[in-house]
1. Restricting to the range 141-163, name every residue that is out of contact with any Pro (no Cβ under 7 Å at 6 or more places or on another chain) and of a type in the set (A, V, I, L, M, F, W, C).
2. Among the listed residues 108, 45, 41, 72, identify the single one that is modelled with pLDDT of 90 or more and in contact with a Lys or Arg (Cβ under 8 Å, 6 or more places away or on another chain).
3. Quick one: count up the residues across the range 16-54 that are under 26 Å from residue 116 (Cβ atoms), open to solvent by less than 60 Å² (accessible area, probe 1.4 Å), aliphatic (A, V, I, L, M) and free of Cβ contacts under 8 Å to residues at least 60 places away in the same chain.
4. When both residues are 6+ apart or on different chains and their Cβ atoms are under 7 Å apart, which pairs have a first residue that lies in the range 249-271 and is over 12 Å from residue 236 (Cβ atoms), and a second that is open to solvent by 40 Å² or more (accessible area, probe 1.4 Å) and at pLDDT 75 or above?
5. May I ask you to list the residues in the range 93-132 that are surrounded by fewer than 11 Cβ atoms within 10 Å (Cβ to Cβ) and within 23 Å of the chain's Cα centre (by Cα)?
6. Residues that are surrounded by 15 or more Cβ atoms within 10 Å (Cβ to Cβ), at negative phi and touching a residue at least 24 places away in the same chain (Cβ under 8 Å): does the range 55-65 have at least one?
7. Quick one: which helices (runs of 4 or more DSSP H) lie wholly within the range 123-233 and hold at least 1 residues that are modelled with pLDDT of 65 or more?
Amino acid sequence: RLDGRMRRFAGGRVVNAAGPWARALAARLDRDLPALFQPCLAFNLLLDRAPIAEVAVAVTPKVPVAHTYFVLPWKGRLLAGTFHAPIADEPVDSVPSEAQVAQFIADLNVAVSGLAITRDEVLHVYGGRLPARAPASADAATREVIHDHGVTGGPRGFYSVSGVKFTTARLVAEKTLKRIFHHDGLGPATQAARRPPPLFDLSREGLECAGAPLAGPADVVAARLRALVANESVMNVDDLLLRRLDSTATIANLAAARQQVLRLLGPEVEG
């Protein structure tokens, strides 16, 4: 998509970790695996409202069949989630309807006395698909699926993986690699290879800097951005700003942020 060229990659082992598209890719290269991914819709709301506490707070509206949500501080604003809903097993955009957003806001207002959020205070809707426990269910799956296509008559060395959520992704990756190593007689990686060092300092001060990667002395900011460009397959400036940083929603002027990155990195990233 970047330059219109086709490239072919060959490997003895290929892991299909395509998220919501994992089932479609498995069907294209082998067969459909309904158990691999049954979708449900999940979304969070970033609200133009000061946090109600310094930590995450669990809230539950007093309504029939209530769900528990979390409201937490994020870059000086209030982040609320997660709303789950059934979704059709079709390749449609994972965008919640206005009715679903309104229902989420109503639940939050019932759950937190005096909150009184309005639709105009929604700065961003973070939506996506998660694997569900069953078709047409709003209950997210709690266990990953790792399928070896070779043992069921499909391409040897081809594996499909469906995880659960971001916080368990690392563990699912390790489980997948262990299964591949076991089947193929490969030796385990070294400890250093299994646990690479983080890109950024994980101290409180380091995390605060990583959370505001465009703030601070120019040389420090440039070093942070170069680490992302070197390690995260950054293709251009917008790729860096929109997909590699977690502070994009708080950047008031995206055009100015682009110019700042170009001044710091110059030809290291495309415009």
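1. To start, the set of residues in the range 141-163 that are out of contact with any Pro (no Cβ under 7 Å at 6 or more places or on another chain) comprises 142-148, 150-161, 163.
If the condition is that a residue be out of contact with any Pro (no Cβ under 7 Å at 6 or more places or on another chain) and of a type in the set (A, V, I, L, M, F, W, C), then 145, 146, 151, 158, 161 are the ones that fit.
2. On the way: 108 fails: in contact with a Lys or Arg (Cβ under 8 Å, 6 or more places away or on another chain); 45 fails: in contact with a Lys or Arg (Cβ under 8 Å, 6 or more places away or on another chain); 72 fails: in contact with a Lys or Arg (Cβ under 8 Å, 6 or more places away or on another chain).
Just a single option satisfies the conditions, and that option is 41.
3. The qualifying residues number 1.
4. Here the result reads 249/123; 249/124; 250/75; 264/218, each pair linking the range 249-271 to a residue that is open to solvent by 40 Å² or more (accessible area, probe 1.4 Å) and at pLDDT 75 or above.
5. At the first step, the residues of the range 93-132 found to be surrounded by fewer than 11 Cβ atoms within 10 Å (Cβ to Cβ) are 93, 97-99, 113-114, 119-120.
If the condition is that a residue be surrounded by fewer than 11 Cβ atoms within 10 Å (Cβ to Cβ) and within 23 Å of the chain's Cα centre (by Cα), then 93, 97, 98 are the ones that fit.
6. Checking the range 55-65: at least one residue is surrounded by 15 or more Cβ atoms within 10 Å (Cβ to Cβ), at negative phi and touching a residue at least 24 places away in the same chain (Cβ under 8 Å).
7. Details: elements: 169-184, 191-194, 204-211, 218-231.
Answer list for the range 123-233: 169-184, 204-211, 218-231.
The values are calculated or read from the model by the stated rules, or taken from the named source; none is laboratory data. Just so it is clear, the model here is predicted, and its values are computed rather than measured. Because the Cβ atoms are built from the backbone with ideal geometry, glycine has one as well, and the counts that use them run over all protein chains shown. Only protein heavy atoms, including side chains, enter the accessible area calculation; ligands, DNA and RNA are left aside. Shrake-Rupley method; radii C 1.70, N 1.55, O 1.52, S 1.80 Å.
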